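The values are calculated or read from the model by the stated rules, or taken from the named source; none is laboratory data. Owing to the predicted nature of the structure, the values given are computational and were not obtained by experimental measurement. Please note: Cβ atoms are built from the backbone with ideal geometry, for glycine as well, and neighbour counts cover all protein chains shown.
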Amino acid sequence: MMAQAYRIYDSDAHVMMSQRHWQDLPPEYHLRRPRPAHVGDPDGLGGFTSLWFVEGRLAPHPWGPASQPGNIPERTYEAFPGTPTAFDVSEGSQDLSDPAARLTDLDRLGIEVSVIFPTTLYAAMTLDPGLEGALYRSHNRYVGKACQANPKRLKWVGLVPLRDPQNGIEALREMQSLGAAGAVVYGTAGERPLSDPAFHPFFDEFQHTGLPLCIHFGQSYPGLEPLTRTMLAGNIIGMSLPAFLAFYAITCGGLLDRYPKLKVGFFEFGSEWLLYAVARIDKYRDMAAANGMPYNTDIGGKRALEYVKSGNIFVSGESEDRVLPQEIELLGEDQFLYSSDFPHPEERDAGSNEIAERNDLTDRQKRKILWDNAIRFWGNQ
């Protein structure tokens, strides 16, 4: 059965970064905006000859510390020669300067509703809290305005500049006024875990909004940068390991104890890691709980298994995930979301068809993944 038999709610699409996103920067940060740059010697760069120059660094960059993939100033597919695409994607669709073009692309993909996330490059764009907040909020205003073209189909999540918690609160209020469907953070806020007490004022206010907290794939922890000297290492180490750091923060770190109604989603990390993380945490948590101080001071109020069974945690898995039935058994069939990652070149555009054609999922589970669970997570906005 093809995906056309199901309604499709895409919980993780993207807007590609462009200079249009920083037109609203405050004057004191205008000169520090990201700039497009071109490399004159393209040999060995794999097509990454058009890059962003940000705070003295190039992003993305294929070699050296903090290497990571990401979208480029010119069309992203140019950096991936030979990548098959289902259809041509215009610049206006990629960066949302032409929302009508994005809606046309959604129609071709059979997607009824799409939630738009920022590029992962924002996770490591700057260490300066002031500039980070300015870039994040300018981005939010740009995307929020673009999605007003059709707010029922084009939904978006706003970036939270947690390095400056007060700015994070102000950004939250602003994104709510612009109609954001959720708030997005990365696995850490720089070197601090999401459970750091410095962020409690933000979460104290956030819990009253009813919005979901979206934790997205991204190279947010600076300590991993020396280990990520190629784009492959960037994908696997720098951008994936923060999922564990965030999961630890919401369980052992106590975020779900302090905010028991918080809905948390993990996006673009896959979901296989949960099978390892839950078992690993509970093994050592049980050991810690049986010992005296100080070993048991950071164990959370519940076992990790109880947190994932609570209904608070959602994940967007991969359509080809071979152990998805086991993950559903662990987490529950109500917690999985579908994501296309459109218009990125990872070839997930046909993921809804892959889910529809799987013979190890029931029709009920497919409908939940492709539509019903998204309504529970995002709300029927």
Margin query: As an exercise: evaluate Thr362 against (1) over 24 Å from Arg102 (Cβ atoms); (2) hydroxyl-bearing (Ser, Thr, Tyr); (3) buried (at least 17 other Cβ atoms within 10 Å of the Cβ) and give the number of the one condition it does not meet.
Written below: (3)
Next item on the list: Scan the stretch 173-203 residue by residue and report those that are more than 21 Å from Ala13 (Cα to Cα) and of a type in the set (A, V, I, L, M, F, W, C).
Entry: Ala189, Leu194, Ala198, Phe199, Phe202, Phe203
Margin query: With the requirement that a residue be surrounded by fewer than 15 Cβ atoms within 10 Å (Cβ to Cβ), under 16 Å from Pro60 (Cβ atoms) and touching a residue at least 40 places away in the same chain (Cβ under 8 Å), what does the stretch 205-238 give you?
Written below: Thr230
Notebook entry, point to check: Looking at Leu121, Leu131, which one is touching a helix residue (DSSP H, G or I) at 6+ places or on another chain (Cβ under 6 Å), touching a residue at least 60 places away in the same chain (Cβ under 8 Å) and in a helix (DSSP H, G or I)?
Noted result: Leu131
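Yes/no matrix, rows are residues, columns are (1) touching a residue at least 40 places away in the same chain (Cβ under 8 Å); (2) in contact with a strand residue (DSSP E or B) (Cβ under 6 Å, 6 or more places away or on another chain); (3) aromatic (Phe, Trp, Tyr); (4) assigned to a helix (DSSP H, G or I):
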residue: Ser240; (1), (2), (3), (4): no, no, no, no
residue: Leu256; (1), (2), (3), (4): yes, no, no, yes
residue: Gly270; (1), (2), (3), (4): yes, no, no, no
residue: Val278; (1), (2), (3), (4): yes, no, no, yes
residue: Glu318; (1), (2), (3), (4): yes, no, no, no
residue: Pro325; (1), (2), (3), (4): no, no, no, yes
residue: Ile328; (1), (2), (3), (4): no, no, no, yes
residue: Ser339; (1), (2), (3), (4): yes, yes, no, no
Check: Would you call Gly92 at pLDDT below 85, closer than 30 Å to Leu109 by Cβ and touching an Asp or Glu at 6+ places or on another chain (Cβ under 7 Å)?
Finding: no
Margin query: Among the residues that make up the stretch 66-75, is at least one of them without any contact (Cβ under 8 Å) to a residue 40 or more places away in the chain, buried (at least 17 other Cβ atoms within 10 Å of the Cβ) and of a type in the set (Val, Ile, Thr)?
Written below: yes
Next item on the list: Could you tell me whether any residue of the stretch 111-120 is more than 26 Å from Gly187 (Cα to Cα) and either modelled with pLDDT under 95 or crowded, with 20+ Cβ neighbours inside 10 Å (or both)?
Entry: yes
Item checked: Residue list for the stretch 273-301, filter: crowded, with 16+ Cβ neighbours inside 10 Å and either under 19 Å from Leu241 (Cβ atoms) or among the basic types (Lys, Arg) (or both) -> Trp273, Leu274, Ala277, Val278, Ile281, Arg285
Margin query: Taking the condition of being among the basic types (Lys, Arg) and outside any helix (DSSP H, G or I), how many residues in the stretch 154-181 meet it?
Written below: 2
Check: Within the stretch 96-118, how many residues turn out to be closer than 20 Å to Tyr221 by Cα and free of Cβ contacts under 8 Å to residues at least 24 places away in the same chain?
Finding: 0
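Among the residues of the stretch 197-231, write down those that are farther than 30 Å from Ile375 by Cα and either in contact with a Ser or Thr (Cβ under 8 Å, 6 or more places away or on another chain) or of a type in the set (Asp, Glu) (or both). Outline the logic, then answer.
Initially, the stretch 197-231 is screened for residues farther than 30 Å from Ile375 by Cα, giving 197-198, 221-231.
Within the stretch 197-231, Tyr221, Glu225, Thr228, Arg229, Thr230, Met231 meet the criteria.
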Margin query: The conditions are (1) at pLDDT 95 or above; (2) among the aliphatic types (A, V, I, L, M); (3) outside any loop (DSSP other than H, G, I, E, B), and Leu262 fails exactly one of them. Which is it?
Written below: (3)
Check: Out of curiosity, is Ala171 in contact with a helix residue (DSSP H, G or I) (Cβ under 9 Å, 6 or more places away or on another chain), modelled with pLDDT of 95 or more and under 30 Å from Arg102 (Cβ atoms)?
Finding: yes
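Here is a yes/no grid of residues against (1) at negative phi; (2) in a loop (DSSP other than H, G, I, E, B); (3) touching a helix residue (DSSP H, G or I) at 6+ places or on another chain (Cβ under 7 Å); (4) among the hydroxyl-bearing types (Ser, Thr, Tyr):
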| site | (1), (2), (3), (4) |
| --- | --- |
| Asp43 | yes, yes, no, no |
| Leu51 | yes, no, no, no |
| Ala66 | no, yes, yes, no |
| Gly70 | no, yes, yes, no |
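Can you give me the number of residues within the stretch 1-20 that are closer than 18 Å to Phe342 by Cα and either part of a loop (DSSP other than H, G, I, E, B) or modelled with pLDDT under 90 (or both)? Talk me through it step by step, then tell me what you get.
First, pick out the residues of the stretch 1-20 that are closer than 18 Å to Phe342 by Cα: 3-4, 7-18.
With either part of a loop (DSSP other than H, G, I, E, B) or modelled with pLDDT under 90 (or both) added as a condition, the list becomes 3-4, 7-8, 15-18.
Result for the stretch 1-20: 8.
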Check: Taking interchain pairs and intrachain pairs at least six residues apart, which have beta carbon atoms under 6 angstrom, with the first residue in the stretch 21-35 and assigned to a helix (DSSP H, G or I) and the second aliphatic (A, V, I, L, M) and surrounded by 11 or more Cβ atoms within 10 Å (Cβ to Cβ)?
Finding: Tyr29/Leu131; Tyr29/Ala134; Arg32/Leu131
Next item on the list: Report the residue count in the stretch 343-381 for those that are at pLDDT 90 or above and in a loop (DSSP other than H, G, I, E, B).
Entry: 6
